[in-house]
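Report on the following structure.
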Amino acid sequence: MIINWYPGHMYKTRKEITESLSQTDVIIELLDARIPSSSRNPLIDELVKDKKRIIIINKSDLADPAVTNKWTKFFNDQEGITAISISSTEDKNPGRIVKMCRDMCKDEVWFERRPVRAMIAGIPNVGKSTLINKIRGKKKAEVSNKPAVTKRFQRVSISKGFELIDTPGVLWPKFEDQTVGYKLAILGSIKDSILDIQDIARFAYNYMYEHYGDRIKTRFKIDNLPEESQEGITLIGKKRGFLLKGGSIDYDRACRLLIQEIRDGKLGKLSFDEVPNED
Ligand SMILES: Nc1nc2c(ncn2[C@@H]2O[C@H](COP(=O)(O)OP(=O)(O)O)[C@@H](O)[C@H]2O)c(=O)[nH]1
Ligand SMILES: [Mg+2]
């Protein structure tokens, strides 16, 4: 099943991004470290075209560090795109991002004449606003006096040689593959209602069973983890005492709990996308 999740306002955004890109030198593609591949939108390649780009793998504080390292290497070595991982909520050195963008442009003919201009783009909830605020620090957005320059093109002068587009480029998540949809749903990057909560929970359980079985065992005090997801989630509900009238387990509530605890980091640092095999 292909899910069409492409609301009208996203078309508008695409147009807006394309317009603001005409004023951008470097596009900063922000990804969620827990799902670096599922939080990517392939359209970015088309948007970037001849622009320079860097990938920032954000929310690394929530992701499995070993997996994040592999992804950072993958983007740098396999794809040839400069990539770093950060946690924008905790980051102490946003200046290095500014430096990375400037370094990429230092051979440009205009480099000495004007500031490097960058835009942060990514799917909803990936941390764009948080990172923009980090880089801005206390700097206010500069209001341009050119009438044609609307609010969305506002740039903030961060330093003498660097400007940041004040508004993030919102990309929509793309999923032709239902697996990607589930992963986005687990982490709350798409509305829960798009996919069935029980299906999402079963997907999450299966992934956890395969990759992080011990985490579920420890968290919910389960000795023998059932391989079958419905059975496992029911057991989680039982452990939490989620009973319905009549004494059966409130399965739906257990599904919600599992997803909520994953999102809240109660099951530790998790990653749901694996790095593609080489070759
Ligand atoms: N743990 C953690 N949370 C983050 C990080 N970056 C952003 N967030 C949180 O993710 C949520 C969405 O961030 P926001 O900047 O609004 O995302 P946007 O929709 O891309 O602008 C907020 O609750 C942020 O506090 C991060 O690096 N680590
Ligand atoms: Mg935002």
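Each value in this text was obtained by applying a stated rule to the coordinates, not by laboratory testing. The structure presented is a predicted model; accordingly, all values stated were derived computationally and were not measured. All Cβ positions, even for glycine, are placed from backbone atoms using ideal geometry, and neighbour counts span all protein chains on display.
Here the scattering of region 8-170 is modelled by Debye summation over its C-alpha atoms, one equal scatterer each and no solvent; at q = 0.11, 0.15, 0.19 Å⁻¹ the log10 of I(q)/I(0) is -0.42, -0.80, -1.31.
The length gained on full extension between Ile197 and Ser22, counted as 0.36 nm times the residue separation minus their Cα-Cα distance, comes to 58.9 nm. Remark: the chain projects, on average over all directions, an area of 17.7 nm² (convex hull of Cα atoms). Rounded to the nearest 20 debye, the dipole size of the chain about its Cα centre is 1600 debye, using +1 on the Cβ of Lys and Arg and -1 on the Cβ of Asp and Glu. Placing +1 on the Cβ of every Lys and Arg and -1 on the Cβ of every Asp and Glu, with no other charges, gives region 7-142 a dipole of roughly 500 debye about its Cα centre.
For region 38-110, applying the loop criterion from DSSP together with a ceiling of 14 other beta carbons within 10 Å to the chymotrypsin sites (Phe, Trp or Tyr not before Pro) yields Trp110.
One decimal place: the segment Phe111-Asp264 gains 50.7 nm when fully extended, by the rule 0.36 nm per residue minus the C-alpha distance. Report summary: the helix-based calculation at 222 nm, which adds -39500 (n - 2.57) for every DSSP H run with n ≥ 4 and divides by the residues of the chain, gives -11500 deg cm²/dmol. The ranking of Lys245, Lys191 by Cβ neighbour count inside 10 Å, starting from the fewest, reads Lys245, Lys191.
You can think of it this way: the chain between Arg96 and Arg253 has 52.1 nm of extra reach, that is 0.36 nm per residue less the Cα-Cα gap.
In terms of other Cβ atoms within 10 Å, Asp77, Asp166, Asp199, Asp32 run from fewest to most in the order Asp77, Asp199, Asp166, Asp32.
For Lys138, the lysines whose Cα falls under 18 Å of its own Cα, not counting residues fewer than eight places away in the same chain, are Lys92, Lys128, Lys160.
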